[in-house]
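The values are calculated or read from the model by the stated rules, or taken from the named source; none is laboratory data. Owing to the predicted nature of the structure, the values given are computational and were not obtained by experimental measurement. Every residue, glycine as well, gets a Cβ built from its backbone with ideal geometry; the counts of neighbours run over all protein chains shown.
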Amino acid sequence: MKQPCISLMTSIGALILLTACAGSPRTPSDGGTQAVDLNDFTPKVDTFVVLLDSSDSMEESDGQKDKFQTALDSVASFNQAVPAIDINSGLVLFGKGAGNCAGHSMAKQIYGVSPHNKTDFRNALNAIECTGGSTPSGDALGQTASALAEATGNLAVFIVSDFEWEESASALSAVTSMRGTHGDRLCVYAIPVGDYRDKGALIADITGGASCGGVTAASDLASPDAMTAFVADTLMAPVPKVTYEKQTLSANTLFALNSAALSSTGQADLRKLAAYIKEHGSDLKDLKITGHTCNLGAESYNEGLSMRRAETVANFLAQQGLPANLMDVSGMGERSPSVSNDTREGRAQNRRVDVQIGTMKPQGN
């Protein structure tokens, strides 16, 4: 009669232990973070992996909530900020939550490495059942090194942790191994949670040794805008923009009255302009050539004259060796005066050809 009672008590005890170890499930919040705008940025990283610490020290408060909830929310917000681009991602959990909640701490890859999918990545975060145990950071970074061993292109590793690591030698060894394999293609970023001031040396060793990487506290990424900017900075590069410099040429110098034929003075001025434009070299991306007139005469006539004059300037610049395929030619007639047409001087100033020189510097300049 006693044996069933003992078995029942054992089962109840195991259930209580399992429940106690599991803790309360947490729901990650992305805080309404917006994805990086692809009109302004383009990808610079091909694969990223996030390492999320779920050990017992992460159960402590960071002043607002427990550190793991802060870390979980940070990773959810990071995921939300990644735009719809061709990029691979992975998620590695290290601590008790990576295995059986009643068992030992371990490191486990719970997503990827595979093409990034926001929903699947978020579902992996939602599936984390508990925290606790020791901090197997070396195993986590070792698994990351193995996952990225054959990866090509630029790589980024993000470690979200309080960096209360009992033993860091194996973690540093794994990072050193990754750097040896990937060189400057690898960037390592630390996102410390809580007070990490006494962990500066460890974090510097983990993130240093490359031309990229660094440290940004989770508290500094708490706002949606801050996280979007962080993802833009670490995974993306700014889209180069064409900037314009306007050169204005007087039609009174270029042409005779009511004419679209270049004068000798006009030809000399355009040769100088062509030489100046050529100095921009491969940065030259666009030439907008626009003719203008004053308001004397019929509007339709003025529009036609301004167009003919702009075409004459474009043709002459092309003869000087500038690429015609970069030229956008238009005639505004009297519709866009630069000053009032009420005086003779003003009308003379409005008779002009504007040449806007569009250049685009390579990224990083």
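Inside segment 211-242, residues that are surrounded by 14 or more Cβ atoms within 10 Å (Cβ to Cβ) and either at positive phi or outside any loop (DSSP other than H, G, I, E, B) (or both) make up a count of 19.
Taking every residue in segment 168-183 that is within 21 Å of F94 (Cα to Cα) and pairing it with any residue that is modelled with pLDDT under 95 and acidic (D, E), at least 6 positions away or on another chain, the pairs with Cβ-Cβ distances below 6 Å are L172/D205. Going residue by residue through segment 142-156, is there one that turns out to be in a loop (DSSP other than H, G, I, E, B), over 29 Å from the mean Cα position of the chain (by Cα) and assigned by TED's automatic domain parsing to the domain that holds G99? No - not one qualifying residue is present in segment 142-156.
For segment 110-141, a residue qualifies if it is closer than 23 Å to S168 by Cβ and over 25 Å from the mean Cα position of the chain (by Cα), and the qualifying residues are T131, G132, G133, S134, T135, P136, S137, G138, D139, A140. Among the residues of segment 191-208, is there at least one that is part of a loop (DSSP other than H, G, I, E, B), of a type in the set (G, A, S) and surrounded by fewer than 19 Cβ atoms within 10 Å (Cβ to Cβ)? Yes - at least one qualifying residue is present in segment 191-208. Against the condition in contact with a Gly (Cβ under 7 Å, 6 or more places away or on another chain) and surrounded by fewer than 22 Cβ atoms within 10 Å (Cβ to Cβ), how does S177 come out, does it pass? Here the answer is no, as S177 does not meet what is asked. Total residues in segment 323-336 satisfying the condition of being surrounded by 17 or more Cβ atoms within 10 Å (Cβ to Cβ) and out of contact with any strand residue (DSSP E or B) (no Cβ under 7 Å at 6 or more places or on another chain): the figure is 2.
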